[in-house]
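Chemist: Structure incoming, see below.
The values are calculated or read from the model by the stated rules, or taken from the named source; none is laboratory data. Just so it is clear, the structure is predicted and the values come from calculations on it, not from any experiment. Every residue, glycine among them, receives a Cβ derived from its backbone with ideal geometry; neighbour counts consider all protein chains shown.
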Amino acid sequence: MEERICSVRDVPSGEVRRFDLGNVAIALVRIDDDWYAIGDRCTHQDISLSEGEVDVEGREIECWKHGSCFSLEDGSPSSLPATKPVPVFEVRIDGDDVYVVVG
């Protein structure tokens with residue numbers, strides 16, 4: 001199911017914002033004209049990834065609690081303590097609107 005999540009103006013480049021689509025928490029990241037949507041929960045512990053730092057160069061997000069980093073492209077962890085990937089979601093831009101496909 002595709003849902004409008006926000007306007008492109010709502011997420012500055014290099015930053016992350018959390019959005020809830022039903023019972024799915026999404027961390028939406030913008031890097032210039034590239035958009036990424038991943039599950040907002042670290043797989044090591046139940047910590048919000050949207051409170052972490054975005055690594056623009058590496059296209060990753062870091063969990064603020066223990067430092068696990070996850071790929072924005074495929075959700076895979078690149079550092080311990082996390083060993084399981086987070087889900088990733090398709091993002092589509094239509095004019096000024098950002099849509100995410102969930103489910």
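Chemist: Step by step: first the residues of region 1-24, then only those that are farther than 17 Å from ILE93 by Cβ and touching a Leu at 6+ places or on another chain (Cβ under 9 Å), then the one that is modelled with the highest pLDDT. Which residue is that?
Modeler: It comes out as ARG18.
Chemist: Report yes if ILE38 is within 20 Å of ARG9 (Cβ to Cβ) and either over 10 Å from the mean Cα position of the chain (by Cα) or not basic (Lys, Arg) (or both), otherwise no. Show your work before the answer.
Modeler: Values: within 20 Å of ARG9 (Cβ to Cβ): no; either over 10 Å from the mean Cα position of the chain (by Cα) or not basic (Lys, Arg) (or both): yes.
It is false that ILE38 is within 20 Å of ARG9 (Cβ to Cβ) and either over 10 Å from the mean Cα position of the chain (by Cα) or not basic (Lys, Arg) (or both).
Chemist: Please verify whether region 4-19 includes one or more residues that are of a type in the set (Asp, Glu) and part of a loop (DSSP other than H, G, I, E, B). Even if it seems obvious, please write down each step before you answer.
Modeler: Kept after step one, since they are of a type in the set (Asp, Glu), are these residues of region 4-19: 10, 15.
Subsequent filtering for residues that are part of a loop (DSSP other than H, G, I, E, B) retains none.
Within region 4-19, none of the residues are of a type in the set (Asp, Glu) and part of a loop (DSSP other than H, G, I, E, B).
Chemist: Could you check region 70-82 and list, in sequence order, the residues that are farther than 12 Å from ILE38 by Cβ and crowded, with 19+ Cβ neighbours inside 10 Å?
Modeler: Start the filter on region 70-82 by keeping residues that are farther than 12 Å from ILE38 by Cβ, which leaves 78-82.
Residue satisfying the conditions is ALA82 alone.
Chemist: Is it true that some residue in region 23-45 is free of Cβ contacts under 8 Å to residues at least 24 places away in the same chain, surrounded by 15 or more Cβ atoms within 10 Å (Cβ to Cβ), outside any strand (DSSP E or B) and touching a Cys at 6+ places or on another chain (Cβ under 7 Å)?
Modeler: Looking for residues that are free of Cβ contacts under 8 Å to residues at least 24 places away in the same chain, surrounded by 15 or more Cβ atoms within 10 Å (Cβ to Cβ), outside any strand (DSSP E or B) and touching a Cys at 6+ places or on another chain (Cβ under 7 Å), one finds none in region 23-45, hence no.
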